[in-house]
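Following: one structure in structure tokens, then a few remarks.
The values are calculated or read from the model by the stated rules, or taken from the named source; none is laboratory data. Everything numeric in this text was worked out from a predicted model, so none of it was measured. Cβ atoms come from the backbone with ideal geometry, glycine included; neighbour counts cover every protein chain shown. Surface areas here come from the heavy atoms of the whole protein model, side chains and all, with no ligands, DNA or RNA. Shrake-Rupley method; radii C 1.70, N 1.55, O 1.52, S 1.80 Å.
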Amino acid sequence: MPYVNSVHLMGHLSDDAKGREAGKSYVCNFRISINNGNKDKPEWSNIDCVVWGVKAKNLAEVGKKGDLVEVCGKIHTRSYKNKEDKSVWVVEV
């Protein structure tokens, strides 16, 4: 059986979407908040997301804190060394 890496999320932007030039392309990093609980006892999850190209530019122009967004993509993990020379792992959609 082949491996499947597919994610479909709907949530609210945790902050205004911010984009930037990245070489010949455009990238927008953003975070969505998802309520996994209920109205009486909310349990929030914050998911980091990345979008590239024209979609990134569009989201950066119009994406404001609290906007409802739908994200379809795949889980991606990466690591880097921070200023204290410690490894930091990041999980993004």
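Tabulated data
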| item | result |
| --- | --- |
| From phi via Karplus (6.51, -1.76, 1.60), per-residue ³J(HN,Hα) for segment 13-25 in Hz, x at Gly/Pro | 4, 6, 7, 4, 5, 10, x, 7, 5, 9, x, 8, 10 |
| Accessible area in the full protein assembly, largest first, 1.4 Å probe, for Cys72, Cys49 | Cys72, Cys49 |
| Lys/Arg +1, Asp/Glu -1 at C-beta; segment 35-93 dipole; positive extreme among Val62, Val93, Ser79 | Ser79 |
| Mean separation of Cα contacts under 8 Å, 6 or more apart, over the residue count of the chain: relative contact order % | 33 percent |
| Per residue, the convex hull volume that the Cα atoms of segment 16-63 enclose (Å³) | 68 Å³ |
| Segment 44-93 - percent relative contact order, Cα under 8 Å, separation 6 or more | 41 percent |
| Local electrostatic count, Lys65, Cβ distance below 13 Å [Lys/Arg +1, Asp/Glu -1] | 0 |
| Cα pair count fraction exceeding 17 Å, expressed as % - segment 1-43 | 58 percent |
| Most to least accessible of Ile34, Ile75 (protein chains only, probe 1.4 Å) | Ile75, Ile34 |
| Sparse-neighbourhood loop sites, chymotrypsin sites (Phe, Trp or Tyr not before Pro) in the chain - DSSP loop, at most 11 other Cβ within 10 angstrom | Tyr3 |
| Kirkwood estimate for the chain, i.e. one over the average of 1/r between Cα atoms, Å | 14.7 Å |
| Cβ charges +1 (Lys, Arg) and -1 (Asp, Glu), total dipole of segment 21-93, debye | 120 debye |
